[in-house]
1. In segment A:100-129, how many residues are in contact (Cβ under 8 Å) with a residue 24 or more places away in the chain and facing chain B (nearest Cβ under 8 Å)?
2. Out of the residues in segment A:323-336 that are of a type outside the set (Gly, Ala, Ser) and out of contact with any helix residue (DSSP H, G or I) (no Cβ under 7 Å at 6 or more places or on another chain), state the one that is surrounded by the most Cβ atoms within 10 Å (Cβ to Cβ).
3. Go over the candidates A:Ile259, A:Ile284, A:Ile263 one by one and state the one that is more than 14 Å from chain B (Cβ to nearest Cβ) and of a type in the set (A, V, I, L, M).
4. Would you be able to say whether some residue in segment A:153-168 is of a type outside the set (Val, Ile, Thr), in contact with a helix residue (DSSP H, G or I) (Cβ under 7 Å, 6 or more places away or on another chain) and farther than 21 Å from A:Leu106 by Cβ?
5. Quick check on segment B:148-171. Is at least one of its residues without any contact (Cβ under 8 Å) to a residue 24 or more places away in the chain, within 13 Å of chain A (Cβ to nearest Cβ) and out of contact with any His (no Cβ under 9 Å at 6 or more places or on another chain)?
6. Exactly one condition in (1) hydrophobic (A, V, I, L, M, F, W, C); (2) closer than 18 Å to B:Val268 by Cα; (3) more than 17 Å from the chain's Cα centre (by Cα); (4) within 13 Å of another protein chain (Cβ to nearest Cβ) is not met by B:Ala71; state its number.
7. Please verify whether B:Arg78 is assigned by TED's automatic domain parsing to the domain that holds B:Ala130, crowded, with 19+ Cβ neighbours inside 10 Å and more than 20 Å from A:Ile241 (Cβ to Cβ), treating the condition exactly as stated.
Number of protein chains: 2
Amino acid sequence: MVSKRVSDIETSVIHEMSRLAGMVDDPAMLSWAKPTTGTPGHIDEGAIEAIQKGLTSGYSTSQGLPVLREAIVEKLKRDNNIEADVSEIIVTVGAIEGLSAAVMALVDPGDEVLTPSPNYSTHIQQIQLANGVPVFVRTVEEENFRLDIDSFKQAITPRTKAFLFCSPCNPTGAVFDEDTLRAVADICMDHDITVITDESYEYFVFDGNRHFSIASIPGMKEHSVSTFTFTKTYAMTGWRIGYMVAGKEMVPQLQKVHIPFAICAPVVSQYAALAALKGSQDCIAEFGEHYLKARNLVCERLDRVPHVFSYQRPQGSYCMFPKIEIEGEKDSLAFSKKLLLEGRVSTTPGVAFGPSGEGHLRLTFCCPEETINKAFDRIEEFYPG
Amino acid sequence: MVSKRVSDIETSVIHEMSRLAGMVDDPAMLSWAKPTTGTPGHIDEGAIEAIQKGLTSGYSTSQGLPVLREAIVEKLKRDNNIEADVSEIIVTVGAIEGLSAAVMALVDPGDEVLTPSPNYSTHIQQIQLANGVPVFVRTVEEENFRLDIDSFKQAITPRTKAFLFCSPCNPTGAVFDEDTLRAVADICMDHDITVITDESYEYFVFDGNRHFSIASIPGMKEHSVSTFTFTKTYAMTGWRIGYMVAGKEMVPQLQKVHIPFAICAPVVSQYAALAALKGSQDCIAEFGEHYLKARNLVCERLDRVPHVFSYQRPQGSYCMFPKIEIEGEKDSLAFSKKLLLEGRVSTTPGVAFGPSGEGHLRLTFCCPEETINKAFDRIEEFYPG
């Protein structure tokens, strides 16, 4: 009785591993992709004030509160170099709802959607929900999972409708640089391929890498749907609030999906998001410093177990994607389960992240340093060199 | 570049009329389907306390907070006679996200979904988003839009996958009685058709009518996805919080859609919902009394303009669906626009609600009595008898 589209989607390995982690005594968690800290106090206060003023009972317009969209327009101009009008913004239930809406609005059954491999597993499922066909584009692992432009070109067919990617990348930590994205933009404009971006980790980039928004390229806003979220930037995971920006002609089409999916984003969260944009931005720098230190620590600890993992140093996000180096243990699901159940370290099997994900684990470093040290102490004990 | 599935969906007449209403000086609004009052104070307080305790930063499990699901299980047993386990509940972004997820989880491209006509316009769009085919089942208008069981049987084909309905009904105010729903259940179990319910207005029924949940019939929980919301019951529109209940085998399939759509429902709203279920239920009775009085007033006023409208007395919800009686003015969109722009009364054209909706208007009476009187004073002036 279940639809084929949904029965074809495998039960999330990520959620299966979470369930298993619940059965282990005090596991060291390198598998959560959520901010280490709680929501900053001034953002909570913004939400509380809005509730007390009676502003949170009723619907907002389905595109979101005008005052919030105005603040988003300013942010897009200042930080992303994207020129947008308030009418080109839709506030969404996290970036995730925007991504689902964008895929539904662009992809008909059988249409192909290019996406890098490895990529965030949920993106792949969103394509499947629209009865689209994910077509994986090779990334060059040894060059920090760089997107290979030749492979990208070769993957295009007459059915290619969209290119969906996240940069900074979950799970690899890759940051696609401006040159790469300009090349992608040229190709997509030539072939009338719409770009769907997930820019959730936009503020967390390291070592002089820079986040570049493809919609900042003249003409590209009309060829893209760019999604953003407050989740990572302001540690607002539970509030479920994000937004997307697209060209004027696309917005009414996106609305036809956004309304049946959600009507509007939660209004209390819209006021929290407004407080986030209007208040001090210091928390972003603090979070960034924390993630940088955590990244450096994970890399140091990985350097001590080269017989277990090789790795690319993440350029951004708070995820990384080391390769399993133990002969006979390259099955990522079996390895991850063993490491959890016998070694008490929780990771995510790479197989969840597309065809080239096998043989890898995703590690996240959005956690306290003691968690990282505990995890690697256990790995060193479990796999003595 | 837009998908056919989405370009085939017409821009919402409801939203177009909202836009027009914004251009009229002080229109009398009989077109909003949202509660008259704000969220009760104790529910706001529940949300504020959760924020202050730092409980709203992080994700909940994707199915929702266990403590909230426990309270929902109790409510379903007490008020709906549905026996469910906490593992059979998914907390959603209003009922609307649950409905979209249910349709996506059941319907493959080309599958048919039975739905009454008239029906809530968004339900029709949700079927289209899944590339399903809405198949409209006749209701008997002169018998209060009763579902016609013979028509229901005749509409079934080998491609019929689901039956999607709301009772109490938006837009007609019909309440499908227990006998009708037991007949529907028998037919659906025989033909392996899954029932998807929208029970948003469950507490607002009048004149001794009773709301009956089809999932309370033994065996039917496994053949249905039942959606509910806090929106109408507790005047929590902006919080975007609802839930669905389904059989044990269906829940993991629904999760495969719910996660890519939303990850989890907004956590602050989950705590508000918990306060709603745990606190005084007096507000429900108060809202119900208000809607009953408002319904009676609308009917009294309609009785004075029989040359303009005939109508069925709504049995529930806060919507009704009078028929236009003026010769030459049966085009509901033209009539509704004229009534708005020249008569300054905002209504919703019946054409939005399925093929048998034409020639009708939807009126909502979730408004202060003075709004109803103002609207009908204007109608009487505009169409003197």
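The values are calculated or read from the model by the stated rules, or taken from the named source; none is laboratory data. Remember, predicted model here, so these are calculated numbers, not experimental data. Note: ideal-geometry Cβ built from the backbone for every residue, glycine included; neighbour counts use all protein chains shown.
1. Step one: of segment A:100-129, the residues in contact (Cβ under 8 Å) with a residue 24 or more places away in the chain are A:100-108, A:110-129.
Okay, now just the ones that are also facing chain B (nearest Cβ under 8 Å), so A:100, A:104-108, A:111, A:122, A:125-126, A:129.
Qualifying residue count for the region: 11.
2. Of segment A:323-336, the ones of a type outside the set (Gly, Ala, Ser) are A:323-327, A:329-331, A:333, A:335.
Filter once more, so that each one left must be out of contact with any helix residue (DSSP H, G or I) (no Cβ under 7 Å at 6 or more places or on another chain): A:323, A:325-327, A:330-331, A:335.
Working: A:Lys323: 17, A:Glu325: 16, A:Ile326: 11, A:Glu327: 6, A:Lys330: 15, A:Asp331: 15, A:Phe335: 22.
Once the filter is applied, the top-ranked residue is A:Phe335.
3. Working: A:Ile259 fails: more than 14 Å from chain B (Cβ to nearest Cβ); A:Ile263 fails: more than 14 Å from chain B (Cβ to nearest Cβ).
Unique residue meeting the criteria: A:Ile284.
4. Checked segment A:153-168: no residue is of a type outside the set (Val, Ile, Thr), in contact with a helix residue (DSSP H, G or I) (Cβ under 7 Å, 6 or more places away or on another chain) and farther than 21 Å from A:Leu106 by Cβ.
5. If we filter segment B:148-171 for residues that are without any contact (Cβ under 8 Å) to a residue 24 or more places away in the chain, which is where we start, we get B:148, B:150-151, B:154, B:158.
Filter once more, keeping what is within 13 Å of chain A (Cβ to nearest Cβ): none.
No.
6. (4)
7. Details: assigned by TED's automatic domain parsing to the domain that holds B:Ala130: yes; crowded, with 19+ Cβ neighbours inside 10 Å: no; more than 20 Å from A:Ile241 (Cβ to Cβ): yes.
No: the conditions fail for B:Arg78.
Okay, residues lined up against (1) crowded, with 17+ Cβ neighbours inside 10 Å; (2) within 21 Å of A:Asn170 (Cα to Cα); (3) of a type in the set (Phe, Trp, Tyr):
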site	(1), (2), (3)
A:Ala265	yes, no, no
A:Val268	yes, no, no
A:Lys278	no, no, no
A:Leu297	no, yes, no
A:Glu300	no, yes, no
A:Val305	yes, no, no
A:Pro314	yes, yes, no
A:Ser317	yes, yes, no
A:Phe321	yes, yes, yes
